[in-house]
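Heads up, the thing below is written out as structure tokens.
The values are calculated or read from the model by the stated rules, or taken from the named source; none is laboratory data. As the structure is a computational prediction, the values presented were derived from the model and not from experiment. Cβ: placed from backbone, ideal geometry, glycine included. Neighbour counts: every protein chain shown. Note: accessible area is taken over every heavy atom of the protein model, side chains too, but ligands, DNA and RNA are not part of it. Shrake-Rupley method; radii C 1.70, N 1.55, O 1.52, S 1.80 Å.
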Amino acid sequence: MKGIFLALAAGALLASGAQAAPPQKPTIQQLAAFPQFSNFVLSPDGQHIAALRGRGEDQVIAVWKADALDQAPTLIGAQRMKITGVSFIKNDRLAVNFWQPFDLRGEGVTKTFISKLMITDLQGKKWNEPINQGRAMSKAAELMQSLSNPTVLSRLPNDPHHILIVNNYGSSSGDVYRIDLRDYTSERVQMSERSVGGYIVDQDGALRARLKQDIDGTGAYVSAEFRNAKTGTWEEHFRSYVKDRDQTSIVGISRDPNIAYLLTNVGQDKSAIYEYDIAARQRKDLVFQHRFFDASGVAVNPYHAAGDGFGELLGIVYNGPRGDDMELTSPKLRALDAGLRKALGIQSRKMTVVDPATGGRAEIDYAIEKNISVNSYTPDFSSLIVKVDGAATPPEYYLFRNGQLTLLAKSYPDIDPRALGSTELVYYKARDGLDIPAFLTKPNPELCGAGPWPAVVHPHGGPWARDTMDFDGSMWVSLMTSRCMAVLRPQYRGSAGWGRKLWMAGDAEWGQKMQDDKDDGAKWLLDQKLAIPGRIAMFGFSYGGYAAFDAAIRPAGTYKCAIAGAGVSDIRRIWSRFYTNPFFRQAQAPTVKGVSPVDQAANIQIPIMVYHGERDQTVPIEQSEWFVEKAKTSGKPVVYHAIADYAHGPAWSRQIMADQLGYIEDYLLNDCGGGGL
């Protein structure tokens, strides 16, 4: 472990970037591996650091003393379950997340995964579940206990011994408990009610706000409720009907316990944050609204130890190009951020942004190549864990302590970032004139030569989701770009975070205007001379897999081939099981209309590769099987991979991760209907 930590002088931080050798493309094994180190967190008192360390097929927890980084860390591992996350909930306690495959046996066998939350000390000697469930008295109770996974509502930063947990097991599911970490006794502080969740606590850990789902004569709605400080009763302050797609929620409580932070998009295209006077039931000053992106949350200093800084609004989070961009409001944090950016060589440059709602344009200063974010901090900001990453910069972690900046680790030190190309936010016009944001990743000309290049249109899942300019942990973009393909990730209509107009423009347009947006992106690549004519593919996963299915049944000419990962092929059957939920029925079901690719699968126009995980419980594997069975009668080449122990997300093993990446690489380079892309 010695030598992995390096104290850095501010003026020498960029020296390690100078390399004389040409860029080296990463191997499948390098892309599929766990990061060597990740998930660095700092204890609230700044005395200890924890992280995940990749070790072959497993990740272990490493714990260091912050003032003794040259000493070997304490390593904490697991036997049956795999560790997926770690955080400090107290100075001497770690919350650890695990997962493992699970076969749920009933009338048949449902192959899925289960997750667990456990709490341990800094040596990993004593392990406890947050809620003592007692001895199971039946097989059914034992099954429910194994599937239960309570969540941490608040780590109560000003209470040295307690945390708040939301239970999800048995008759008390949804109840909130205060857990004493000294003996793991629990006290229920809130009994659950039907369709209640999303609790918000103030800086002292008191439950102050929550969301509740219900139905009235107008329809299904979500109400935002506050707890009356005098009577203890919950009182509704806002009601948003899901069919209108209005959203109003409470995202924080200010230094003044009577002032909350309200996030709402009612009456406007972009979500904004306002102060709200709880007692007067009155919306007050606008705190933040971005012209081009939705606001999403606030960051408040929760520590009493911060003195005058207790309860200070540190910053506003918004859905900018990185998805979780922050506008800092704390003068102290702004000054610290400026110093760190200078020391770490983080530079901003001009970037054009466009509002899909109005077509308005502007140039903003933005750190395009890489950016910094603070993972954790002490109350006075004397110690911080800082992450640096970008689309072509795998995460790097630094400790700022006592005025000194120390490189802790690079997550993928064996991957040459120069081989990952360069990413920028671009906009192109859809055929009906709507401005479509997109992330364009171009290969490094030193590795791949000057464009145009083979290209891949790579739509995200969801569809109520979006892409970002952060490092792509799936490694899909890194894989394709390092293999000399340009990658375009369209934020097609139906994408979230770009405002109401773009989001709602995708309603009932599956396989229609939503698909046109992707095809218009392919045309834009050709018009910009970024793609080689006849050498464009589509690859997507989940909803992106649906889009790849749809690309295969559209008239030939746009794409040479397609790859569908875990795709939806029949939109009627995928959503029918949710129609009994009134919130889905009124909020999203009306938007899921359009083309079911399985209906035309026997007449696909281009070659296609399909892959799907056998443990996928989000999009069942039969969605791919139905399409493949029909597509094989079309006369076009069809390749199919069913992946054991793979769900709708991260790979259970590094071998599964490597297999998935290998299928994509081999198909795009060597097949794609013949000769590769």
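Can you check what the net charge comes to around P607, using other residues whose Cβ is under 10 Å from the Cβ of P607 (Lys, Arg +1; Asp, Glu -1)?
Local net charge: +1.
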Which of the aspartates and glutamates could a cross-linker bridge to K513, judged by Cα under 15 Å and excluding same-chain residues fewer than eight apart?
D432, D435, D550
The stretch 179-257: trypsin sites (Lys or Arg not before Pro) in DSSP coil with no more than 11 other Cβ atoms inside 10 Å:
R182, R194, K230
How big is the shadow of the Cα convex hull of the stretch 416-522, averaged over all directions, in nm²?
6.6 nm²
Cα gyration tensor, the stretch 349-496 - rounded (a/c under 1.5), prolate or oblate
oblate
Length gained, Q100-E622, 0.36 nm per residue minus C-alpha separation, equals 185.7 nm
Does anything in the stretch 47-69 have its amide N under 17 Å from the 7 Å Cα→Cβ label point of T27, and if so which residues?
55-57
The stretch 521-677 - Kirkwood radius from inverse mean 1/r over Cα pairs (Å)
16.2 Å
Return the distance in nm (one decimal) between the two label points of a simple spin-label model at V266 and E107, each offset 7 Å from Cα along Cα→Cβ.
4.3 nm
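Report the extension gain between T406 and R188 in nm, rounded to one decimal, defined as 0.36 nm multiplied by the number of residues separating them, less their alpha carbon distance.
Working it through step by step, the gained length comes to 74.2 nm.
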Helical mean residue ellipticity (222 nm; -39500 (n - 2.57) per DSSP H run of 4+; nearest 500) of the chain
-4500 deg cm²/dmol
Over the stretch 155-259, what number does the Rg to Rh ratio reach, with both radii from the alpha-carbon atoms and Rh per Kirkwood?
1.01
Residues other than C672 with Cβ under 9 Å of its Cβ, Lys/Arg counted +1 and Asp/Glu -1, net out at +1
Could you work out the relative contact order of the chain, using alpha carbon pairs under 8 angstrom and six or more residues apart, expressed as a whole percent?
10 percent
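Assuming R0 = 35 Å, can you tell me the calculated FRET efficiency for the pair R291 and D527, based on Cβ-Cβ distance, to the nearest 0.05?
That pair, R291 with D527, gives E of 0.80.
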Once you list every other residue whose beta carbon is under 10 Å from the beta carbon of W510, what net charge do they have if Lys and Arg are +1 and Asp and Glu are -1?
-1
Using only alpha carbons, build the gyration tensor for the stretch 27-100 and give me the equivalent ellipsoid semi-axes, biggest first, whole Å.
22, 15, 10
With a 1.4 Å probe and all protein chains left in place, how much accessible area per residue does the chain have, in Å²?
42 Å²
Given a Förster radius of 35 Å and the C-beta distance between I114 and A465 as r, what FRET efficiency does 1/(1 + (r/R0)^6) yield to the nearest 0.05?
0.90
With a Förster distance of 56 angstrom and the Cβ-Cβ distance between H237 and Q79, calculated FRET efficiency to the nearest 0.05 equals 0.70
My understanding is that a pair violates if its Cα-Cα distance is over 23 Å; which of K243/K593; K25/K442; K518/K560; K126/K387; K212/K243 do that in this structure?
K126/K387
Tell me the label-point distance for the pair K65, R245, using the 7 Å Cα-to-Cβ offset, in nm and rounded to one decimal.
5.7 nm
Say each of E629 and M351 gets a label point 7 Å from the Cα, pointing the same way as Cα to Cβ; how far apart are those two points in nm?
4.6 nm
Sorted by mean Cβ packing within 10 Å, highest first, what order do the peptides 631-644, 510-523, 70-83 take?
510-523, 631-644, 70-83
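For the chain, what % of the accessible area comes from carbon and sulfur atoms, probe 1.4 Å?
So the carbon and sulfur contribution to the accessible surface is 49 percent.
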How big is the chain on each of its three principal axes, counting only the C-alpha atoms and giving the largest first in Å?
69, 67, 56
Segment M504-R573, extension gain: residue separation times 0.36 nm, minus the distance between their alpha carbons:
22.6 nm
Going 7 Å from the Cα of R283 in the Cα-to-Cβ direction, what parts of the stretch 293-332 have a backbone nitrogen less than 16 Å from that spot?
294-297
